[in-house]
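Values in this text are rule-based calculations from the coordinates and carry no lab data. Bear in mind that the values here come from a model prediction, so they are computed numbers and not experimental data. Cβ placement follows ideal geometry from the backbone for every residue including glycine, while neighbour counts extend to all protein chains displayed.
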Amino acid sequence: MRSFIWQSKPWQAFMNFAIIFSFIVNIVLVIVLLLIAPIVLPIVGQIVNPLVGGLTESFVEMGEASIEQTIIVDDEIPIQFILPLDARTDVVLAEAVPLQVQAQFVLPNGGGTINGIVNLQLPNNLVLPVNLSLDVPVSQTVPVLLNVPVNIPLAETELGTPFNRLQSLFVPLNGLLSGLPASNEELAERFAAGE
């Protein structure tokens, strides 16, 4: 055996040793994997697979979720502006209005003029047409009470990027774990079927 490995060539001896050592290590690893597979597969099927599957499903749902809320706005808003008013309206007198005005009467055919005072009284409930043309300053606080429905998709917020990143990490891992046998019986069936 020594002559087979050595053959008086150091490089050939190293290659032969490396091949035999690699073969032994591979056989030991295969035996170890076959021995721990019945222990590991139930753990993967009963703990890891549901855990990763649940996380994947949760991240997908969070990526599709939205915040739905009704926001109640109860506030007072100060407003200030100038209201231009240009309108024709009718005014009803609430009481009789006495009028006293200076008057000048011109007599016909060069008869001269007479200066005097005219006394009139506008009766109660008299309707007077009035043209209004003025600027009205408005300074008020207006109460505001609103129910504002809000629907914010999480994908459109700053949370969308982390949820998408977590989905892209867990979806392939979940697919890989779902493809593994869930039990020792399933492993034996797949092994027998040659999968």
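Helices from the chain with mean Kyte-Doolittle at least -1.0 and a Cα length along the axis of 15 Å or more, per DSSP H: which? Sorted by number, the helices that extend far enough and score high enough are 10-43, 49-64, 160-178. For F21 and N184, FRET efficiency with R0 = 35 Å and r from the beta-carbon atoms, rounded to 0.05? Plugging the Cβ-Cβ distance into 1/(1 + (r/R0)^6) gives 0.65. Placing +1 on the Cβ of every Lys and Arg and -1 on the Cβ of every Asp and Glu, with no other charges, gives the chain a dipole of roughly 1160 debye about its Cα centre. Per residue of the chain, the DSSP helices (runs of n ≥ 4 H) give a summed -39500 (n - 2.57) that works out to -14500 deg cm²/dmol at 222 nm.
What's the extension gain from F14 to I82 if we count 0.36 nm per residue and subtract their Cα-Cα distance?
Values: separation 68, 0.36 × 68 = 24.48 nm, distance 10.05 nm.
Between F14 and I82, full extension yields an extra 14.4 nm.
When peptides 171-180, 83-92 are sorted by average Cβ neighbour count within 10 Å, with the highest value leading, the order is 171-180, 83-92.
Net length available on complete extension from S139 to N119 is 3.1 nm, with 0.36 nm assigned per residue and the Cα-Cα distance removed. Considering the values [x] 109, 22, 12; [y] 31, 23, 19; [z] 30, 19, 16, which represents semi-axes √(5λ) of the Cα gyration tensor in Å as calculated for the structure under consideration? Given [x] 109, 22, 12; [y] 31, 23, 19; [z] 30, 19, 16, the structure-derived one carries the label [x]. With each label modelled as a point 7 angstrom along the Cα→C-beta vector, the L34-I72 pair spans 7.2 nm. Within the range 125-140, whose backbone N sits under 16 Å from a point 7 Å along Cα→Cβ of V101? Backbone N within reach: 128-131.
Between the amide H of S66 and those of L154, distances stay under 5 Å, these residues lying 5 or more places away or on another chain, with hydrogens modeled in the peptide plane.
Here the Kirkwood formula puts the hydrodynamic radius of the range 18-104 at 24.2 Å, using every distinct Cα pair.
In units of the compact-protein estimate 2.2 N^0.38 Å, the range 90-176 shows a Cα radius of gyration of 3.30. To the nearest 0.05, what FRET efficiency results for F191 and L51 with a Förster distance of 22 Å applied to their C-beta separation? With R0 = 22 Å, the Cβ-Cβ based efficiency is 0.30. By the count of other C-beta atoms within 10 Å, a proxy for reagent exposure, S133, S58 are ordered fewest to most as S133, S58.
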